[in-house]
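Single-structure report; data block below.
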Amino acid sequence: MSVPDLLHRLLTAAGPPGLEEAPVGVWREAAGEFAEVVVDKMGSPSASVAGRADGPTVAIVGHVDEIALLVSHISDDGFLRVVSSGGWDAQVLVGQRVHVLAGNGPVPGVVGRKPPHLTEADERKKAAELKGLHVDVGARDGDQAREMVKLGDAVVIAADPVELPNGRLTSRALDNRLGAYIALESARRVAEGGGTAGPVVAVAPVQEEIGLHGAKVAAYGLEPDVAIVIDVTHATDAPGIEPNEIGKHELGSGPVISRGPVLNPRVADLLIETAEAEGIEYTVEVSGSSTRSDADAMHLSRNGIPTGAVSIPLRYMHSPVELVELEDVEQVVRLVVAFAMRVDAETDFTRW
């Protein structure tokens, strides 16, 4: 299958934490075609589809921000020093092409490091550190660099989507534009099908990568009766990944349904029941404490929101070449829509 147009547009819109305006704009435009759209004061958009009756409100949540860097210093030689805004591995950054999101538009650059030819043997054995890297935007000196960019400007990797064989896609920001896409596409299909027993609200929280901030505010403001958080998880079919440690979740194995203390067990059970009834292949992932996703914020809001988590198997997380199988994305949409269809006034998510 080919890349859905909405997903492609989301992936090509840079949206670091706190600066998600571009992908939020894409998301809002698409949502406005079928739903009532609002944006909260944090900048997180939500799209509401009315229900057929007074059933529970189901929130489908996928954060819209991506990991990035921030310009922290401009040297007199014109080189930029950066700090992380999200979980970048310095090893991955070496030699990458980037865009600095400056006020007058993106400024191209590259991530540089002292060449191995000029380093001592002991130094070559050490892992790269962010403090040892710099961004080169081609400036002659510091004055020119300061005209081009400002302190605090965000930096994202230049890595647009590339389609691969077998319906696979590689791109930066699949974590978690996939979730933002799935949330909205699921709500669209609910609307197309005439709605469910209660309202369905797609939500694309901001600032997940730096602390789940958008989800905290969105959960409080929307107060849904149940929430399904969509994110990515580690695919275990790449070299060096040990399924015995994190479970077996291969590309093409469908949705990954999470279980664990943070997540409501009845929500997880209904997700599994739905997958089996719909003939959707799935795997189960276990989170011993936190899920390290927006579910950790959603379930704590107000008096508590019953929350489930569904993930897409993803290779090379937090890199410019994150890789996914598009059929898994489609199966997650199918699962979420079918789940929402099953929730009605009689559905009980009380833990015990």
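The values are calculated or read from the model by the stated rules, or taken from the named source; none is laboratory data. This is a predicted model, so every value here is computed, not measured. Note that we place each Cβ from the backbone using ideal geometry, even for glycine, and neighbour counts take in every protein chain shown. Heavy atoms of the whole protein, side chains included, go into the accessibility calculation; ligands, DNA and RNA do not. Shrake-Rupley method; radii C 1.70, N 1.55, O 1.52, S 1.80 Å.
Yes/no matrix, rows are residues, columns are (1) touching a strand residue (DSSP E or B) at 6+ places or on another chain (Cβ under 6 Å); (2) buried (at least 20 other Cβ atoms within 10 Å of the Cβ); (3) free of Cβ contacts under 8 Å to residues at least 12 places away in the same chain:
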{"site": "D5", "(1), (2), (3)": "no, no, yes"}
{"site": "A30", "(1), (2), (3)": "no, yes, no"}
{"site": "G55", "(1), (2), (3)": "no, yes, no"}
{"site": "V61", "(1), (2), (3)": "yes, yes, no"}
{"site": "D65", "(1), (2), (3)": "no, yes, no"}
{"site": "V83", "(1), (2), (3)": "yes, no, no"}
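Scanning segment 276-287 for residues that are open to solvent by 70 Å² or more (accessible area, probe 1.4 Å) and either within 16 Å of G308 (Cβ to Cβ) or modelled with pLDDT under 95 (or both) yields E276, E278, V286. Contact annotation: residue pairs with Cβ atoms under 7 Å, 6 or more positions apart or on different chains, pairing a residue in segment 126-151 that is touching a residue at least 24 places away in the same chain (Cβ under 8 Å) and among the aliphatic types (A, V, I, L, M) with a partner that is part of a loop (DSSP other than H, G, I, E, B) and open to solvent by 70 Å² or more (accessible area, probe 1.4 Å), are A128/R113; L133/R113.
Within segment 7-28, restricting attention to residues that are among the small types (G, A, S) and open to solvent by less than 30 Å² (accessible area, probe 1.4 Å), the residue that is nearest to V64 (Cα to Cα) is G15.
Being modelled with pLDDT of 95 or more, farther than 25 Å from L7 by Cα and outside any strand (DSSP E or B) holds for only one residue in K150, K131, and it is K150.
Counting only residues that are of a type outside the set (S, T, Y), within 17 Å of the chain's Cα centre (by Cα) and more than 20 Å from E285 (Cα to Cα), which one in segment 300-321 is surrounded by the fewest Cβ atoms within 10 Å (Cβ to Cβ)? I'd like the intermediate steps shown before the answer.
Filtering segment 300-321 for residues of a type outside the set (S, T, Y) gives 300, 302-306, 308-310, 312-315, 317-318, 320-321.
From what's left, within 17 Å of the chain's Cα centre (by Cα): 308-310, 312-315, 317-318, 320-321.
Those still in the list that are more than 20 Å from E285 (Cα to Cα) too: 320-321.
Working: P320: 19, V321: 14.
By that ranking, first place goes to V321.
What strands (runs of 3 or more DSSP E) lie completely within segment 157-275 and have 3 or more residues being open to solvent by 10 Å² or more (accessible area, probe 1.4 Å) and modelled with pLDDT under 95? Outline the logic, then answer.
Details: elements: 162-164, 168-171, 200-203, 226-234, 256-259.
Ranges flagged: none.
Among the residues making up segment 288-299, none is in contact (Cβ under 8 Å) with a residue 40 or more places away in the chain and loosely packed, with under 15 Cβ neighbours inside 10 Å.
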